[in-house]
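A short write-up of the structure that comes next.
The values are calculated or read from the model by the stated rules, or taken from the named source; none is laboratory data. All figures in this text were calculated on a predicted structure; none of them were measured in a lab. Counting neighbours? That spans all protein chains shown, and the Cβs are built from the backbone with ideal geometry, glycine included.
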Amino acid sequence: MSDLRLDATQLDRYSRHVIMDEIGPEGQKRLLEGSVLVVGAGGLGSPAIQYLAAAGIGRLGIVDDDAVERSNLQRQIVHGDADVGRPKVESAADYVATLNPDVDVETYETRLTAANVADLVDDHDVVLDASDNFATRYLLNDHCVLTGTPLSHGAIYRFEGQITTFTNDRSSADGDGDGDDTSGAGESPCYRCLFPEAPEPGTVPDCATTGVLGVLPGTVGCIQATEVVKYLLGNGELLEGRLLMYDAMDMSFETVEYRANPACPVCGDEPEIESVEDVAYEGTCEISAD
Ligand SMILES: [Zn+2]
């Protein structure tokens, strides 16, 4: 912990955090010293970016290669009507700058690829996957497993959402020696343990094809932001080894437990994937035969 001190304005801004024993000034400092990479500034990324910025995450990286379209505005609430046609990363960065001057925003107007994933991810504490495609999900998973980077996963489909957290902590403790370990003893399943294979390209329709309830990604993205804040605080029970499934029509939440797969190609006992170069992410996410 550095000697970063909360100034009077910060004590005011974060007072509802600071007064709680579970956070306090120390916890708020952790958030201000924290860095999060949000991949996707769309439906899930919008509420995540808003709440992470409001919480005072000190450094927020935002990756997206899209421009704002009018049909996004029904759910991608970090963007406004005047932003149509602008890069999403710019519009999101403007929002954060208006909300909280404590947050340094880094924008990356690019698509995440095997070639740039290390440069984008590696100097951040946590990654929040707010992407909308399997290539990005598997790529982020594999890189985060290989580098031990915690990853929050969220996905939505029509009226349903799912959220889980991969701490990618393969030791029995979180390593900072403060006794607040939130993970299970040495077990940290990954996205491939949960979903071993990506569906064939084109078989899973996207929001543009099937529609999505506009408020749904708000709920899911907020839960992801909650997990990231808890991780940085080192407090609470994460959705590690638990998949939270939300059905907006039934208004039901269900949690399903899952375990690490010893045969997992990236985090198992004999991993086939030793580098993100081993996988054809843009195709079927298959591991190449060599
Ligand atoms: Zn795995």
For segment 39-49, does any single residue satisfy the condition of being on the phi > 0 side of the Ramachandran plot, outside any helix (DSSP H, G or I) and buried (at least 24 other Cβ atoms within 10 Å of the Cβ)?
yes
For Leu151, indicate whether it is closer than 21 Å to Val204 by Cβ, surrounded by 15 or more Cβ atoms within 10 Å (Cβ to Cβ) and within 16 Å of the chain's Cα centre (by Cα).
yes
When restricted to Gly236, Gly214, the only residue more than 30 Å from Pro25 (Cβ to Cβ), assigned to a loop (DSSP other than H, G, I, E, B) and modelled with pLDDT of 95 or more is Gly214
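Is it the case that segment 178-195 has a residue that's of a type in the set (S, T, N, Q), within 16 Å of the ligand (Cβ to nearest atom) and modelled with pLDDT under 95?
Yes, there is a match, as at least one residue in segment 178-195 is of a type in the set (S, T, N, Q), within 16 Å of the ligand (Cβ to nearest atom) and modelled with pLDDT under 95.
Can you tell which of Thr226, Thr255, Thr219 is within 23 Å of Leu128 (Cβ to Cβ), more than 16 Å from the ligand (Cβ to nearest atom) and assigned to a strand (DSSP E or B)?
Working: Thr226 fails: assigned to a strand (DSSP E or B); Thr219 fails: assigned to a strand (DSSP E or B).
Only one candidate passes the filter, namely Thr255.
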